[in-house]
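Visitor: Quick one: the structure is below, and I'll ask about it shortly.
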Amino acid sequence: MRAHDYKDILGGLLLIVVGLFFGLQALWNYDLGTMRRMGPGMFPAMVGGLLVGFGVILLISGWFRRGEWPVWRIWSPLFVLSGVATFAVLIGPFGLIPAVVGVVAVSSLAELRVRPVPLAILAGMLSVLAWVVFRLGLGLAMPPFAWPF
Amino acid sequence: MEFFGNLQLGFGVALAWDNLFYCFVGVFLGTLIGVIPGVGVLAAISMLFPLTYYLEPTAALIMLAGIWYGTTYGGSTASILLNIPGTPANAVTCLDGYPMARQGRGGVALFLTTIASFFGGTFGILMVMLFSPVIAGYALSFGAAEYFALMLLGLVAASTISAGSPIKGLAMVFLGVGLGLVGMDSQTAVARYTFGQIELLDGLSLIALAMGLFGVSEVITSVRRVRASDIDPESLRFRAMLPTREDASRSWLPLFRGASVGSFFGTLPGTGPAIAAFMAYALEKRASATPERFGTGAVEGIMAPEASNNASDQTAFIPTLSLGVPGSATMALLLGAMMIHGISPGPNLITNEPELFWGLIMSFWIGNVMLLILNIPMIGLWVRLLTIPYHILYPSVLMFICIGAYSVSLSGVDVWFVLFFGALGYVLRVLDFPAAPLLLGFVLGPMMEEHFRRAMLLARGDVFAMLSRPITMTICAVIVAVLAWSAWSSWKRSRAAARAQV
């Protein structure tokens, strides 16, 4: 147990930042209008204000409460999100199957264990499945392979 | 009679071949996803959400709804056999279901919960058929102020009633409302929070948001945590599934009580099937002459919650279909699927789109019958699924998410948004923020803003005049009561926690 609840302190700070972003952007750049005839900025400014308010409450109550540090996992988010990024990068220039192999290969590293043969089988099966379901079944315009150069 | 005409119309739609097919796909996938712990309903529905672009709206809704009530059927399997709830709605079923399995009566428990689910589902569907048209007729007189107040009530209740800190729930609702603001303002055509990006003019993609927030972040937190396990298939032969006469006679009243409790809690915003199941269990224990049997494998302890959660799955459609105000994130997604197809939800839905409304409701029945067949003779197949290791499952899930996001507009931008929302979802999980209210706020936010601005215009800019109409006043009083109750209960909880530390 720590002296303060750092999860809520961090959460409160994040909310304040996001709320300020929404609120100030609305106040500076969008027309507020009047209460009777509201412009595009009025409602966003209110939402921003509420977010800041909730952030402040959370921050203060977290300060006066004992709690824990937030526990972050490093490898799982890194590899899972990199897998998604790999797909986003590959799908346009290289086509469906390289993108599927990419997301499967990179994201499976999150297990922190490489099993080359099962991985190859899984990637192969999912490539076929993706091609059958999305290209043949649903007829989406996704070429299985492409070459950008 | 008009009622029977509607029934006929509904069956006509629901029994069309392609609707039958999508209904089957929905309940099949729902069972699949419900059986496997670590893939939630929201993740599942958002994974399949892109498909609905390519379907007729009725078929799309039939499929998505099938996933929703199918998971609750499937979820009891893992609860009973592994003591791990397949979905949160089946958590209570563990209490008596797992002891039954350990006594070698797992097959009986699975059989009985399927019957209870079917009964609860049927009861809930009847409620939807009876009450939705009545409520919708009443709601026709609602104006912008009433809708604004109703939506606010839905958001406040959904974010504060469920477990966790009410402040965090409310903060997530308004974060969702804020994210919903991105895009072109519908009344003045001013681009808000787009920063010159043309892709953002239509707003952030609901699909990318749901898949990132629920699918990707769930994968991140489950990797290397969810383990597959082995089960004795002998106890699951059909012979071993038949209940004794005593089981059957003990089951009648819990079925009715569970279904009634579930139907009631299903219609309220914020109290989904999980709370309904818990309430039914608590009621059953209190009503029982032998409460000490609960927790040791009492049949009543699985019948009541399973009837209750399935009834509430169905009655959750009452506010969604008759008012256009969803009570949970899942219902918000279904509403989103309607709006993508240009169907405006609200009290006019039943009269304007009778094929959709009655067809959907009748498909519930067909879906429930399919689930009965899927879950009793085919239980062995589902049980085998529990042995699939997660390291094979999650790359497949991610692949479907990526392709799904990409398929919406055939652009990598949506995949990058999935990544962004996946990261956001992970941060929110670590900091104990609930993600479901965010989705609800995101869907309801734009509608709320529109109603708010219209209501203020009608009330000449006077907030009190706007809120002083009789229906809005009542709703506002309920909102204040919900807020006061949740503030009081969280204060009580924190005091108890502080005392426990000393």
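Visitor: Select from region B:127-145 the residues that are surrounded by fewer than 21 Cβ atoms within 10 Å (Cβ to Cβ) and farther than 27 Å from B:Ile366 by Cα and list them in ascending order.
Guide: B:Tyr138, B:Ala139, B:Leu140, B:Ser141, B:Phe142, B:Gly143, B:Ala144 - these are the residues of region B:127-145 that are surrounded by fewer than 21 Cβ atoms within 10 Å (Cβ to Cβ) and farther than 27 Å from B:Ile366 by Cα.
Visitor: For B:Ala497, indicate whether it is buried (at least 22 other Cβ atoms within 10 Å of the Cβ), farther than 26 Å from B:Thr330 by Cα and more than 8 Å from chain A (Cβ to nearest Cβ).
Guide: Working: buried (at least 22 other Cβ atoms within 10 Å of the Cβ): no; farther than 26 Å from B:Thr330 by Cα: yes; more than 8 Å from chain A (Cβ to nearest Cβ): yes.
It is false that B:Ala497 is buried (at least 22 other Cβ atoms within 10 Å of the Cβ), farther than 26 Å from B:Thr330 by Cα and more than 8 Å from chain A (Cβ to nearest Cβ).
Visitor: For B:Val480, are the conditions met, namely being closer than 24 Å to A:Leu59 by Cα and open to solvent by less than 40 Å² (accessible area, probe 1.4 Å)? Quick ask: steps written out before the conclusion?
Guide: Working: closer than 24 Å to A:Leu59 by Cα: yes; open to solvent by less than 40 Å² (accessible area, probe 1.4 Å): no.
When the stated conditions are applied, B:Val480 does not pass them.
Visitor: Can you find a residue in region A:51-67 that is within 7 Å of chain B (Cβ to nearest Cβ), assigned to a helix (DSSP H, G or I), over 30 Å from B:Leu175 (Cβ atoms) and open to solvent by less than 80 Å² (accessible area, probe 1.4 Å)?
Guide: No; the residues of region A:51-67 include none that is within 7 Å of chain B (Cβ to nearest Cβ), assigned to a helix (DSSP H, G or I), over 30 Å from B:Leu175 (Cβ atoms) and open to solvent by less than 80 Å² (accessible area, probe 1.4 Å).
Visitor: B:Ala14 is checked against (1) open to solvent by 10 Å² or more (accessible area, probe 1.4 Å); (2) modelled with pLDDT under 85 and fails just one. What number does that condition carry?
Guide: (1)
Visitor: Between residues in region A:92-108 that are more than 7 Å from chain B (Cβ to nearest Cβ) and over 12 Å from A:Ala130 (Cα atoms) and residues that are of a type outside the set (A, V, I, L, M) and in a helix (DSSP H, G or I), which pairs lie under 7 Å by C-beta distance while being six or more apart or on different chains?
Guide: So the pair list comes out as A:Gly102/A:Thr86; A:Gly102/A:Phe87; A:Val106/A:Phe79; A:Val106/A:Ser82; A:Val106/A:Gly83; A:Val106/A:Thr86.
Visitor: Okay, next question. Which ones in region A:68-91 are at the interface with chain B (Cβ under 9 Å from one of its Cβ atoms), hydrophobic (A, V, I, L, M, F, W, C) and closer than 20 Å to B:Tyr426 by Cβ?
Guide: Scanning region A:68-91 gives A:Val71, A:Trp72, A:Trp75, A:Phe79, A:Val80, A:Leu81, A:Val84, A:Ala85, A:Phe87, A:Ala88.
Visitor: So, one more: Considering A:Met35, A:Met42, which residue is facing chain B (nearest Cβ under 9 Å), without any contact (Cβ under 8 Å) to a residue 24 or more places away in the chain and buried (at least 18 other Cβ atoms within 10 Å of the Cβ)? Reasoning before the result, please.
Guide: On the way: A:Met35 fails: buried (at least 18 other Cβ atoms within 10 Å of the Cβ).
Of A:Met35, A:Met42, the one residue that is facing chain B (nearest Cβ under 9 Å), without any contact (Cβ under 8 Å) to a residue 24 or more places away in the chain and buried (at least 18 other Cβ atoms within 10 Å of the Cβ) is A:Met42.
Visitor: Checking B:Arg224 against (1) of a type outside the set (Ser, Thr, Tyr); (2) modelled with pLDDT of 85 or more; (3) open to solvent by 60 Å² or more (accessible area, probe 1.4 Å), which test does it fail?
Guide: Failing condition for B:Arg224: (2).
Visitor: To continue, here is another question. When you check B:Leu371 against the structure, is it within 28 Å of B:Ala158 (Cα to Cα) and at pLDDT 85 or above, yes or no?
Guide: Values: within 28 Å of B:Ala158 (Cα to Cα): no; at pLDDT 85 or above: yes.
Considered against the rule, which asks whether it is within 28 Å of B:Ala158 (Cα to Cα) and at pLDDT 85 or above, B:Leu371 comes out as no.
Visitor: Taking the residues in region B:391-427 that are touching an Asp or Glu at 6+ places or on another chain (Cβ under 9 Å), among the β-branched types (Val, Ile, Thr) and within 24 Å of B:Asp202 (Cβ to Cβ) as candidates, determine which candidate is nearest to the other protein chains (Cβ to nearest Cβ).
Guide: The selected residue is B:Val413.
Visitor: Is it true that some residue in region B:103-126 is farther than 30 Å from B:Gln8 by Cα, surrounded by fewer than 21 Cβ atoms within 10 Å (Cβ to Cβ) and not acidic (Asp, Glu)?
Guide: yes
Visitor: For the condition assigned to a helix (DSSP H, G or I), within 30 Å of A:Asp31 (Cβ to Cβ) and at pLDDT 80 or above, what is the one hit in B:Gly178, B:Gly203? Even if it seems obvious, please write down each step before you answer.
Guide: Values: B:Gly203 fails: assigned to a helix (DSSP H, G or I).
None of the other options fit; the residue is B:Gly178.
Visitor: Assess whether A:Leu81 counts as being open to solvent by less than 40 Å² (accessible area, probe 1.4 Å), touching a Pro at 6+ places or on another chain (Cβ under 7 Å) and more than 30 Å from B:Phe452 (Cβ to Cβ).
Guide: Details: open to solvent by less than 40 Å² (accessible area, probe 1.4 Å): yes; touching a Pro at 6+ places or on another chain (Cβ under 7 Å): no; more than 30 Å from B:Phe452 (Cβ to Cβ): yes.
No: the conditions fail for A:Leu81.
Visitor: Of all residues in region A:125-149, how many are in contact (Cβ under 8 Å) with a residue 12 or more places away in the chain and more than 8 Å from chain B (Cβ to nearest Cβ)? It would help to see each step written out before you state the result.
Guide: Within region A:125-149, the first condition is being in contact (Cβ under 8 Å) with a residue 12 or more places away in the chain, and the residues that meet it are A:126-127, A:130-131, A:134-135, A:142-148.
With the extra rule that they be more than 8 Å from chain B (Cβ to nearest Cβ), the set shrinks to A:127, A:131, A:135, A:143-148.
So the count comes out to 9.
Visitor: OK, next. Could you list all residues from region B:195-221 that are of a type in the set (Gly, Ala, Ser) and open to solvent by 20 Å² or more (accessible area, probe 1.4 Å)? Break it down into steps so the answer makes sense when it comes.
Guide: Initial filter on region B:195-221 (of a type in the set (Gly, Ala, Ser)): B:196, B:203, B:205, B:208, B:210, B:212, B:215, B:217.
The answer is B:Gly196, B:Ser205.
Visitor: Follow-up question, since we're still on this one. Of the residues B:Gly120, B:Gly176, B:Gly183, B:Gly169, only one is within 12 Å of chain A (Cβ to nearest Cβ) and in contact with an Asp or Glu (Cβ under 7 Å, 6 or more places away or on another chain); which?
Guide: Checking each option against the conditions leaves just B:Gly183.
Visitor: How many of the residues making up region B:428-450 are of a type outside the set (Lys, Arg), within 11 Å of another protein chain (Cβ to nearest Cβ) and open to solvent by 20 Å² or more (accessible area, probe 1.4 Å)? Even if it seems obvious, please write down each step before you answer.
Guide: Let us first name the residues in region B:428-450 that are of a type outside the set (Lys, Arg), namely B:428, B:430-450.
Within this subset, residues satisfying the condition of being within 11 Å of another protein chain (Cβ to nearest Cβ) are B:428, B:430-433, B:441, B:445-446, B:448-450.
Okay, now just the ones that are also open to solvent by 20 Å² or more (accessible area, probe 1.4 Å), so B:432, B:446, B:450.
Qualifying residue count for the region: 3.
The values are calculated or read from the model by the stated rules, or taken from the named source; none is laboratory data. Please read these numbers as outputs of a predicted model, since none were measured by experiment. Every residue, glycine as well, gets a Cβ built from its backbone with ideal geometry; the counts of neighbours run over all protein chains shown. Only protein heavy atoms, including side chains, enter the accessible area calculation; ligands, DNA and RNA are left aside. Shrake-Rupley method; radii C 1.70, N 1.55, O 1.52, S 1.80 Å.
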